[in-house]
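Let me begin by presenting the structure, written as structure tokens, before commenting on it.
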Amino acid sequence: MQLLNEAIIRHGRLLGQDIIKVDSFLNHRVDTRLLAAMGHALADYFKASSPTVVLTVESSGIALAAMTAYALGGLPMVFAKKSVTVVQSDDMVYAPVYSFTHKNQNVIRVDKRYIEKESRVLIIDDFLADGQAAEGLLLLCQKLEAEVVGVGIAIEKDFMRGGRRLRENGVHLKSLAVILSVQDGVITLQND
């Protein structure tokens, strides 16, 4: 997606050789026009799969997931929580997820009431690096007996193994921007 590629080049900041900081437009300060265009692009791509609910993980995928769910006709959007609360239901499903960005292990959880058995789930997230978040969300859907119709990603790091592994496992995956490499301070993106 050209608009997203331009934002990455213009505003993305490198931290080392594998972290691209895009919080100025994607997940801390949100460029709502860009996010709306991204949500519509993912909705257009996945609408033929007839999703009934959009799922993401707390917290940086929430804005894109909400925009995508809205663009799909106002579908419900659910986010897997990372922490336990006092009002949490006893009827939850859980999956372990290692955070590449935070370098820690989380247990994500979804209340069974919010994704019904046999739902058609579209998973949305901001980044795909090693695939841990997507795999955790896939596991939650399996436990919920829901069908995953696809995984939509804002930015995929092609130089890491996550996207390849998901595709090899038959996941219908769409990434709006694909970073091929980060070398000597230069981000190389796949053209649309």
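Calculate the FRET efficiency for Leu14 and His40 from the Cβ-Cβ distance with a Förster distance of 30 Å, rounded to the nearest 0.05.
Working: r = 29 Å, r/R0 = 0.95.
The pair Leu14/His40 has a calculated efficiency of 0.55.
How far apart, in nm, are the 7 Å Cα→Cβ label points at Arg161 and Val186?
Each label point is offset 7 Å from its Cα along the Cβ direction, giving 2.9 nm.
If we sort 77-87, 31-41, 1-11, 150-160 on the protection proxy, mean other Cβ atoms within 10 Å, highest first, what's the order?
Working: 77-87: 14.5, 31-41: 18.1, 1-11: 16.2, 150-160: 23.0.
Top to bottom by mean Cβ count within 10 Å: 150-160, 31-41, 1-11, 77-87.
Listed highest first by mean packing, meaning other Cβ atoms within 10 Å per residue, what order do 67-76, 108-117 come in? Don't skip to the answer; put the middle values down first.
Working: 67-76: 18.4, 108-117: 16.7.
Ranked by mean Cβ neighbours within 10 Å, highest first: 67-76, 108-117.
Please enumerate, by chain and number, the lysines with C-alpha under 26 Å from the C-alpha of Lys174, excluding those fewer than 8 residues away in the same chain.
Hits, sequence-local ones excluded: Lys21, Lys47, Lys81, Lys82, Lys103, Lys117, Lys143, Lys157.
To one decimal place, what Kirkwood hydrodynamic radius in Å is obtained for the chain from all pairs of distinct Cα atoms?
On the way: mean 1/r = 0.0599 Å⁻¹.
16.7 Å is the Kirkwood radius here.
About the Cα centre, and with charges only on the beta carbon of Lys, Arg (+1) and Asp, Glu (-1), how big is the dipole of the chain? Nearest 20 debye, please. Please report the intermediate quantities before stating the final value.
Values: 21 positive and 22 negative charges, 34 e Å.
The calculated dipole for the chain is roughly 160 debye.
For the chain, which whole-number percentage of the solvent-accessible area (1.4 Å probe, protein heavy atoms only) is attributable to carbon and sulfur atoms?
About 50 percent, which is the carbon plus sulfur part of the accessible surface.
At what distance in nm do the modelled label points of Val107 and Lys143 sit from each other, each positioned 7 Å from its Cα along Cα→Cβ?
So the label points at Val107 and Lys143 sit 0.9 nm apart.
Give me the 1.4 Å probe accessible area per residue for the chain, excluding ligands and nucleic acids, in Å².
Ligands and nucleic acids excluded, the result is 51 Å² per residue.
Nearest 5 is fine: what % of DSSP beta bridges in the chain come out antiparallel, could you say? Intermediate values should be presented prior to the final figure.
Numbers: 16 of 37 bridges.
Around 45 percent antiparallel, to the nearest 5.
The values are calculated or read from the model by the stated rules, or taken from the named source; none is laboratory data. Source: prediction; values computed, not measured. Note that each Cβ is placed from the backbone with ideal geometry, even for glycine, and that neighbours are counted across all protein chains shown. Quick note on the areas: whole protein, heavy atoms, side chains included, nothing else; ligands and nucleic acids left out. Shrake-Rupley method; radii C 1.70, N 1.55, O 1.52, S 1.80 Å.
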